[in-house]
Amino acid sequence: MNSKRRVVITGFGVITSCGSGWEPYWDAAVHGRSMIRSSDSLGLNSASFKYAGMLADFDPKQFIENRKSIKLMSREIQMAVAASRLALRDAGLSPESYDPTRIGVTLGTGILNNDLDEIGVGFRNGLDENGHFSMPKFGQDGIGSLFPLWFLKYLPNMPACHISVANELRGPSNTITTSSAASTQAIGEAYRVIERGDADIMLAGGTDSKLNAMGVSRFQLLGLLSARDEAPEKVYCPFDKKHDGIVLGEGSGILVLESLESAKKRGATIYAEIAGYGSSSDFNYDPRDPDDFTGKRVAIRRALEDAAIEPADVDVLVANGSGIPQEDIQETLAVHSFYASTFKKLHVTAVKPVSGNLVYGTGSVEAVIAALTTYKGQVPPVANLRDPAPDCELPFVKDKAKSCDVKVSVLNTFGFGGQNASLVFKKC
């Protein structure tokens, strides 16, 4: 049996409210600068949805040469393809430089929300003479009025499909749909693919946008959105006494994962090594129950064991920090169960206030932060953290970034449905 191969990160592609590329996102994180703004421009007219981390000037034509293919792409797909192009460019890779059968993609994403104006035509033509929706009439007249290929824009596997087509990737392809843990699990699964030798290079990460009527309504019904009325850039504050829910964002993050041998052979920049991956689920998940942190602890433990790392060896924790009060408490309890005796060394940060919560895509951009802390030796502060909640006391980096020697960092990403994932990054 072949020994496991070491896996490193050689490229980043990031699309967030901070801008295009990993540099503006890192700069905002290091300076604790939130890019959350008023959501009025979205025109959703919702009293309980006031703020969001929106893309300001995203133009898919800057990244996608085939203009016809854009018609078949939802916003999530467009962002993912753009991020993949940025990642490959950052890694110094082009289709001529790799064997297409040895490079693949694993992506985290979920429900791609339909454009209501687009599908509304079909429903309108499915109304009977009394103005009531009729399934037979919809089947006869409604479906025929829809764009023939509209459904292909909204299948969860399509972002990975379009990335493969756009970049000529013929290796393993997979899609992970596990709520907010999805893109972190996608990175972990891509890591496994290279580790066991099924590919030399993998694009891994996630994409999501819930900034539309369907996406926002789901979080409103769950009661998970922050209801605070304050300056937009100060609203999202995980672990703080004022935390009261999440603020939605949109974006995509793609990491180029590569075998160490491949990266060294071509002289690539190595940002960090992925040393461990752990995942789990909560059998009785309830974000209102602060005592149910079993699954979170299991994910962290498995990642550390996989990396053969002791808790005392961890320098930085990029926490999930959802901002949902009880979920912040659950994570704090899980972290305390590992690191209580090593708090003099551990530095904890959380970066969702920078770009908003990207839900299915959140782990993809936060993995970039975790890897860059080891590469640059800087730990971003937790934006908007002024007064930690009594049950959320951790050794947070506050107010400004901290420079230190970071050899090991850990990323936590926990989904709303009880799925959990953790990754370990090492300086390489």
inquiry  = Can you confirm whether Glu393 is more than 19 Å from Tyr25 (Cα to Cα) and either part of a loop (DSSP other than H, G, I, E, B) or among the charged types (D, E, K, R) (or both)?
reply    = yes
query = Can you name the condition, by its number, that Ser20 falls short on among (1) under 30 Å from Leu385 (Cβ atoms); (2) free of Cβ contacts under 8 Å to residues at least 40 places away in the same chain?
reply = (2)
remark   = Heads up, the helices (runs of 4 or more DSSP H) in the stretch 72-170 (entirely inside) with at least 3 residues that are surrounded by fewer than 18 Cβ atoms within 10 Å (Cβ to Cβ) are 116-124
query = Among the residues of the stretch 61-70, is there at least one that is over 26 Å from Thr349 (Cα atoms) and either modelled with pLDDT of 95 or more or of a type in the set (Phe, Trp, Tyr) (or both)?
reply = yes
task = Return the pairs, sorted by first residue and then second, in which the second residue is acidic (Asp, Glu) and surrounded by 21 or more Cβ atoms within 10 Å (Cβ to Cβ), the first residue lies in the stretch 67-86 and is touching a residue at least 12 places away in the same chain (Cβ under 8 Å) and farther than 11 Å from Ile163 by Cβ, the beta carbons are less than 7 Å apart, and the residues are 6+ apart or on different chains.
result = Glu76/Asp208
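Residues checked against (1) crowded, with 24+ Cβ neighbours inside 10 Å; (2) assigned to a strand (DSSP E or B); (3) modelled with pLDDT under 95:
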position	(1), (2), (3)
Asp198	no, no, no
Asp208	yes, yes, no
Leu211	no, no, yes
Met214	no, no, yes
Phe219	no, no, yes
Lys242	no, no, no
Ile254	yes, yes, no
note = Only unsatisfied item for Arg192, checking (1) closer than 26 Å to Trp22 by Cβ; (2) surrounded by 20 or more Cβ atoms within 10 Å (Cβ to Cβ), is (2)
key: Scope the stretch 224-240; condition within 21 Å of the chain's Cα centre (by Cα), within 19 Å of Asn45 (Cα to Cα) and part of a loop (DSSP other than H, G, I, E, B); matching residues   = Leu224, Ser226
remark   = The one condition Phe343 fails out of (1) at pLDDT below 95; (2) closer than 29 Å to Glu230 by Cβ; (3) of a type in the set (Phe, Trp, Tyr); (4) over 17 Å from the mean Cα position of the chain (by Cα) is (2)
remark   = Within the stretch 308-365, residues under 16 Å from Leu423 (Cβ atoms) and of a type in the set (S, T, N, Q) come out as Asn320, Thr349, Thr362, Ser364
task = Please work out which residue is nearest to Leu203 (Cα to Cα), limiting yourself to the stretch 114-159 and to residues that are among the charged types (D, E, K, R) and without any contact (Cβ under 8 Å) to a residue 60 or more places away in the chain.
result = Glu118
Single condition Gln330 does not satisfy, out of (1) touching a Phe, Trp or Tyr at 6+ places or on another chain (Cβ under 9 Å); (2) modelled with pLDDT of 95 or more; (3) part of a helix (DSSP H, G or I); (4) not charged (D, E, K, R) = (2)
ask   = Among Ser179, Ser183, Ser209, which is at positive phi, in contact (Cβ under 8 Å) with a residue 24 or more places away in the chain and of a type in the set (S, T, N, Q)?
value = Ser179
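The values are calculated or read from the model by the stated rules, or taken from the named source; none is laboratory data. In this text the structure is predicted, and so the values were computed from the model without any measurement. Using ideal geometry, Cβ is built from the backbone for each residue, glycine included, and neighbour counts are taken over all protein chains shown.
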